[in-house]
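Q: Handing you this structure, nothing more for now.
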Amino acid sequence: MLWPGLLLQPGLWGHSHGVPTHCTFQLSAGDKSANASPVNTVTANGQAIAAKLPSTIEEFLVAQGLLPRSVVVEHNGEAVAPSEFPRRQLKAGDRLEIVKIVAGG
């Protein structure tokens, strides 16, 4: 677990015996136009995702329909502060663990 005590938003997560596990993503073949950036693969929550690279974590999150301020991210095994999302570059083969957080009590 990345950060203990987080509440996960129902509906975006797989479940194993009632315990939230992974966020699910829509796989995209990417833009095939002549001017498109190369499409490579990033592994997010164990699932290969096509991504236009180079990109930042923030750009990747937005492309997946996630608000950067509503998630916590681990990049290649290292927790990333949200202030780093716009600067942290992704490369083909990188691994992300993404957890959606929600307020609650």
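None of the figures in this text is laboratory data; all of them are computed from the coordinates on show. Model, not experiment: these values are computed from the prediction. When we count neighbours, we look across all protein chains shown, and the Cβ atoms used for this are built from the backbone with ideal geometry, even at glycine.
Q: Contact order normalised by length for the stretch 63-105, with contacts defined as Cα pairs under 8 Å and 6 or more residues apart; what percent is it? Intermediate results must be reported in sequence, preceding the final value.
A: Working: 38 pairs, mean separation 20.1, N = 43.
About 47 percent, as a whole number.
Q: Could you order the peptides 45-56, 80-91 from most to least packed, using the average number of other C-beta atoms within 10 Å per residue?
A: Values: 45-56: 16.5, 80-91: 14.0.
Ranked by mean Cβ neighbours within 10 Å, highest first: 45-56, 80-91.
Q: Sequence-distant or interchain residues sharing an amide H contact under 5 Å with residue 53, placed H: which?
A: Under 5 Å from the amide H of residue 53: 40.
Q: Residue 83 to residue 43: FRET efficiency via 1/(1 + (r/R0)^6), r the Cβ-Cβ distance, R0 30 Å, to the nearest 0.05?
A: On the way: r = 24 Å, r/R0 = 0.79.
Efficiency at R0 = 30 Å is approximately 0.80.
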